[in-house]
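The values are calculated or read from the model by the stated rules, or taken from the named source; none is laboratory data. These numbers come from a predicted model, not from an experiment. Every residue, glycine among them, receives a Cβ derived from its backbone with ideal geometry; neighbour counts consider all protein chains shown.
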């Protein structure tokens, strides 16, 4: 029986749904602080909380549904999560107080976490095994493109429309996702009664997949390092008088990912994960060092190229590793473990690095981030990379025999 094409209907639908879900997330993320300040008279700290509490909801959802998605059913989780996403997005129309906004943002993050966990799990079965690296990298494009288009679209809409119109557009987009769900074929996992009973128990193994702890820890550190760019780039650009160039940093980042991800997927499948992941750590470290030494616009944009090749490439290929080394029935827990670690790194990083800013200047903070990227190289090599290299050699010998 011939292997199915990578570009099958279900892969395209799941990728499209994931793109829209992330687009709404990024679109609202860049404008919600402005809405909190201007319409609800929030302080800067409260406005930041309105943005950040969304991630708290996402983490709760990923931890819970990472283990329970197979119990509820993948398609049922996707349906329920999308309907919940629509309801919580509709709640933005009614925003009487700051406290209510915090609640809506938490619930909206919860819904987003459920849907994104479902789409990430479902896509694993939409991709032919021999093209896993390519498939995950193409799928990852939906996230990186949303990260570039969402903020741009949000800021553009703020100039030409009010918040209620923007919410209306987001609701229409969620409805499109809901319609797409009906045409998506989802392969469910059959569980034995013993497996169901084990999954229902409150235990560490139901929330964390041991096989992916190492790559998830590396993801945490990579997210921690990258958070220095997300959080401090705007402030740093002001101190070095490169505000104009900094607005194009993430555009360059997104273009680099879009161009290189299909290529890195092919390398992952043909050569193995080490050929992709080792360069990621080096590229991110180089990007951080260039950023620390930047004095000219072109240098700032070149750092965006290396950060894209580093962190941007790592995100999807780390996910591909999780799928590769995990049994099918544990993929949802593995991806939950991975993305929770990644999000935690991005969430914890700004607080710790921000605290260090009292004793370290911005350039020194980016040097610290570069050191963390090199630490990822070392930890990955001794914890997983050398084993992956050995397994790759054994697989080649088996093929020759």
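Being at negative phi, surrounded by fewer than 21 Cβ atoms within 10 Å (Cβ to Cβ) and touching a residue at least 40 places away in the same chain (Cβ under 8 Å), is that true of even one residue in the stretch 108-123? No: zero hits. The conditions of being out of contact with any strand residue (DSSP E or B) (no Cβ under 8 Å at 6 or more places or on another chain) and modelled with pLDDT under 85 are met by residue 235. Among helices (runs of 4 or more DSSP H) entirely within the stretch 291-401, having at least 3 residues that are more than 30 Å from residue 71 (Cα to Cα) singles out 297-307, 331-356, 362-380, 386-400. Entry remark, the stretch 119-130: residues being touching a helix residue (DSSP H, G or I) at 6+ places or on another chain (Cβ under 6 Å) and part of a helix (DSSP H, G or I) number 5 in total.
Residue-wise test of (1) in the same structural domain as residue 219 (by TED's automatic domain parsing); (2) over 24 Å from residue 59 (Cβ atoms); (3) at pLDDT 90 or above.
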| position | (1), (2), (3) |
| --- | --- |
| 337 | yes, no, no |
| 340 | yes, no, no |
| 345 | yes, no, no |
| 351 | yes, no, no |
| 357 | yes, yes, no |
| 366 | yes, yes, yes |
| 379 | yes, no, yes |
| 394 | yes, yes, no |
| 400 | yes, yes, no |
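Residue-level check: of (1) surrounded by fewer than 21 Cβ atoms within 10 Å (Cβ to Cβ); (2) part of a helix (DSSP H, G or I), residue 227 misses just (1).
Restricting the stretch 183-194 to residues that are in contact with a helix residue (DSSP H, G or I) (Cβ under 7 Å, 6 or more places away or on another chain) and surrounded by 11 or more Cβ atoms within 10 Å (Cβ to Cβ), the residue that is modelled with the highest pLDDT is 184.
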